[in-house]
1. Note the direction-averaged projected area, equal to a quarter of the hull surface, for the Cα convex hull of the chain, in nm².
2. Give me the percent of accessible area attributable to carbon and sulfur for segment 277-321, probe 1.4 angstrom.
3. Multiply the residue gap between residue 590 and residue 189 by 0.36 nm, knock off their C-alpha separation, and tell me the result in nm, one decimal place.
4. Could you name the lysines in cross-link range of residue 225, using Cα to Cα under 26 Å and dropping any fewer than eight places away on the same chain?
5. Given segment 222-380 reduced to its alpha-carbon atoms as identical point scatterers, what log10 I(q)/I(0) does the Debye formula return at q = 0.09, 0.16 Å⁻¹?
6. Regarding segment 333-428, what whole-number volume in Å³ per residue does the convex hull of its Cα atoms give?
7. For residue 191, what is the net charge nearby, where nearby means another residue's Cβ is under 15 Å from its Cβ and Lys, Arg count +1, Asp, Glu -1?
8. Rule-of-thumb check for segment 364-599: C-alpha Rg over 2.2 N^0.38 Å?
Amino acid sequence: MPGFIPLWMFLLMFVTLKSCTQPVEKDTEIVYGPIEKTYQLPDVSGTIYFVSPNGDAASVGSSADAPTTIEEVFTRVVSGDAIILRGGTYRTGDLLFNQGVTIQAYRDEKPVLNGTLVADSWTMVNDGLWVTDWEYLFPAGPEDWWNEERNIEQTPLHRFNNDAVFVDGDFLQSAGSTDEVDEGTYYVDYDENRIYIGTNPEGRLIEITAFRKAIHRVIYPVHGKTPDDRGPVIRGITFTQYPDTMVHIGGVGLAIDQHGRDVVGTKFENCTFSNNFRIAMFALSDSLVMRNCNVYNTNAEGVYVVASNDVLLERNIFENNNIEQWTGFYPSSVKIFNQSHRAVVRENLVRNHAHSNGVWWDVGNLDGFFINNHVENVAHSGFFHEISDRITVAGNVFVNCDQSIFVLNAANAKIYNNTMINSKVNIRRDSRGDQLGTFGWHVTLGPGVEERDRHIFVNNLMIMTEDNDSPMVMAGQPSHMCDRLTTPHFSIFNNNVFVRYYDVEGDKPALIDWSPYSNEECMRKFYTSAELNEFLPQFSSECIYIDNFEGDVFVDINDNSFKLSNDFVGLGNPTKTPEEVLTMMGVSADKEAFIGAVAP
């Protein structure tokens, strides 16, 4: 029957959406990343199979004491079955399946899927250079839109190959020739199938990638089975050291009309994804949930969700993306892309991204929520919302990010009750969308050029403790568009508190760079909130700006407590945050109005 939705899928979509929009219980301590747990056998309708790294492929795998192999069991399972992994390292990969199965650790054991093999046969070429023959190579290149002329000096082409070499668990960077090899690098000779390293391999564990992916939940027939539309449930598994996408859920297309309904209800809990040279987890999957996972040392993206509705990412750690330091490539630890509606990113720890963005909603997304996250030490944008509409950003703490919030060519960003420390806000629009441009139809999925406004910025606390001349807020557009785009970026800009701890030598830094403004630059610098209010009375009447501040803002910032001190003179004039936003933040609607991310 066309359009028929199975009952199980309807119930799953309902439960997932309900869980995404329920209040967060903030009275309990947030635990980021995997939780130590002893798993019971899952309650499934089908068969439970046991596997181990040294299992017997001829075994049925019906008990923990007589496990089969993981490769064998992936050919057998059907929806409703479960795969229970005994602890240890599984050097395997490219495991295909198309059924809704559970994949889970056995009790408290630690199964690790590892995409490398041990390289233990090396020949010394000369002092400081060793070579081995290697048959598993993964040559690759940049995307066709990558600007080689602009980026080749910083990112040589060999960085886009997918091979990886590890010495005692630490990854090496690639080199362009044997002459460039040192202790921290390796070189691949693709013509001769050889790998060179500059580290003496004697007494060291040298691992080299041998499997492209760990697992791939495909949407085509495989192992004699027709695919159903149920996503896997994966608990307590570590995936590490794969050259390409480690865990791939669904198809590969980014088509304008494609959504993730081919695979519904994927769930990850207490998993680790590390040391990956493309994407750790890629999903086209409605109602996906990722909770208490650790995603670190990734490259293009840590988590890449495409065209998927009702996604929930909660209490995960996302750390150190773009380990090969690609330039000109738009890396992001989390990317939510292409018409993903109602995605919720809540209570995650996003930190230490020296060469990457943090979390990026990119192109055609609707009704997102970025709530109660802690974002720290991000060299680009901690949160990035581009060519999309209707996002709520509330209850987040940003510390030492180049940009805490970057809203680009988007509309209706509701930014309430965030705390930003040494992390400016950038709201910008331009003419992208007048033509299709580099990425074709992508730009047509978001607000039109004249629709990129109606942002709300209320009850936020911004603090600058370091000596820099950056404005705290930038609202920008090209000067040539001043006559065309005359509406302010914001519909509401009020009840915020801005604090600078220092007295800058020389020219005083602006508080706000504001556009549009009728001058040659289409921009005016305002140095106090009162100055903005004098120019535009509808804005900033209840904002507070404090310069040369001395004293404490928080109760105990050294303990990562961002609750405001009662002695802070900038408690301000907060207004009541909308009830639906408070609900998502886990704050009672009866709570008195407050400034910043943490309610008193």
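1. Average of the hull's projected areas for the chain equals 30.7 nm².
2. Values: 220 of 570 Å².
Reported share for carbon and sulfur atoms: 38 percent.
3. Values: separation 401, 0.36 × 401 = 144.36 nm, distance 6.62 nm.
Extra length available between residue 590 and residue 189 comes to 137.7 nm.
4. Once the sequence-local lysines are set aside, what remains near residue 225 is 213, 267.
5. -0.25, -0.83
6. 70 Å³
7. Values: positive: 194; negative: 133, 135, 163, 189, 192.
So the surrounding residues net to -4.
8. The reported ratio for this selection is 0.99.
The values are calculated or read from the model by the stated rules, or taken from the named source; none is laboratory data. Given the structure is predicted, the values throughout are model-derived calculations rather than measurements. Cβ sites come from the backbone with ideal geometry, for glycine too, and all protein chains shown count toward neighbours. Note: areas computed on protein heavy atoms with side chains; ligands, DNA, RNA excluded. Shrake-Rupley method; radii C 1.70, N 1.55, O 1.52, S 1.80 Å.
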